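First comes the structure, then the notes that go with it.
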């Protein structure tokens with residue numbers, strides 16, 4: 001078994017860091033570094049920020065700020081399950097092909113469990129009775145921080161997260177709230193707001209020429225906007 005040299009280890013770490021991706025808008029807002037990958041400058045700035053927060057020299061960032069949020073839908077979870085080979089079905093298929101040298105064993109629905117697992121047995125899925133058609137519209141606009149990949153239990157919800165955050169204005173409905181212990185972390189997208197393929201919320205805004213354009217929530221929160229009077 002060969003052992004990597006010190007230079008080879010450094011190179012492997014550098015190559016791995018070059019493949020990483022971070023949200024440039026978030027790191028620019030939190031630590032003041034404009035980059036979309038992990039760099040030495042970003043690591044130093046992050047360490048410096050953490051030290052200052054620990055010494056109470058600066059206030060910690062508002063983790064519930066909407067600009068730090070990424071919104072995922074069913075299509076995103078299906079893509080993730082397929083790309084990351086949930087249940088290692090693709091790995092099993094590859095092994096069978098190498099062993100049998102044919103596709104006689106490959107039947108319809110072999111890879112279906114990767115998609116079915118997003119709907120069946122997933123805590124984020126919701127079975128609707130469908131008695132009231134409005135229920136479909138209601139649930140279609142529902143967003144939550146609970147479930148797989150999020151907050152695991154309602155007991156773990158911070159008190160601060162239950163408050164209405166100013167950054168939600170225009171994107172999250174302030175009147176349609178959950179009337180249970182999930183209040184604050186289960187909300188509903190405001191009317192006219194759409195989720196983009198990049199995980200951001202978009203809404204129609206009027207630019208300086210009074211022309212309607214779709215703008216994402218990070219851009220809106222970083223800009224000066226005027227609320228029209230009716």
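Each reported figure results from applying straightforward, stated rules to the coordinates on display, with no laboratory input. The shown structure was predicted, so the numbers you read here are calculated from the model rather than taken from an experiment.
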Original post:
Considering the chain as a Gaussian network with a 10 Å cut-off on Cα pairs, which listed residue, 36, 187, 132, attains the greatest mean-square fluctuation?
Top reply: 132
**OP:** May I ask you to derive the relative contact order of region 121-230, considering only C-alpha pairs under 8 Å and at least 6 residues apart, and to give it as an integer percent?
**Re:** 18 percent
**OP:** Would you mind checking the radius of gyration and Dmax of the chain based on alpha-carbon positions, in Å?
**Re:** 22.7, 74
Original post:
Which three lengths, in whole Å and largest first, does region 1-137 cover when its Cα atoms are put on their principal axes?
Top reply: 62, 61, 22
**OP:** Compare 46, 30, 20 in a GNM of the chain, Cα atoms joined below 10 Å, and give the one with the largest fluctuation.
**Re:** 20
Subject >> Distance histogram in 10 Å bins (all Cα pairs of region 6-61, percent per bin) >> reply: 23, 42, 26, 9
Original post:
What number, in percent, do you get for the relative contact order of region 70-151 if the mean sequence gap of Cα pairs under 8 Å and at least 6 apart is divided by its residue count?
Top reply: 30 percent
Original post:
If you line up the Cα atoms of region 112-166 on their principal axes, what length do they span on each, largest first, in Å?
Top reply: 38, 29, 18
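Return the Rg/Rh value of region 74-194, two decimal places, where both radii are evaluated on C-alpha atoms and Rh is the Kirkwood radius. Don't skip to the answer; put the middle values down first.
Numbers: Rg = 19.6 Å, Rh = 17.5 Å.
Rg divided by Rh gives 1.12.
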Original post:
GNM on the chain, C-alpha springs below 10 Å: top fluctuator among 178, 153, 161?
Top reply: 153
**OP:** Find the relative contact order for the chain and round it to a whole percent, using C-alpha pairs within less than 8 Å whose residues are 6+ positions apart.
**Re:** 14 percent
Original post:
Where does the chain land at 222 nm, in deg cm²/dmol rounded to the nearest 500, when only DSSP H runs of n ≥ 4 count, each adding -39500 (n - 2.57), divided by all residues?
Top reply: -10000 deg cm²/dmol
Subject >> Span from the region 1-64 Cα centroid across to the region 110-130 one, whole angstrom >> reply: 36 Å
Original post:
Average projected area of the Cα convex hull of region 80-133, in nm²?
Top reply: 5.3 nm²
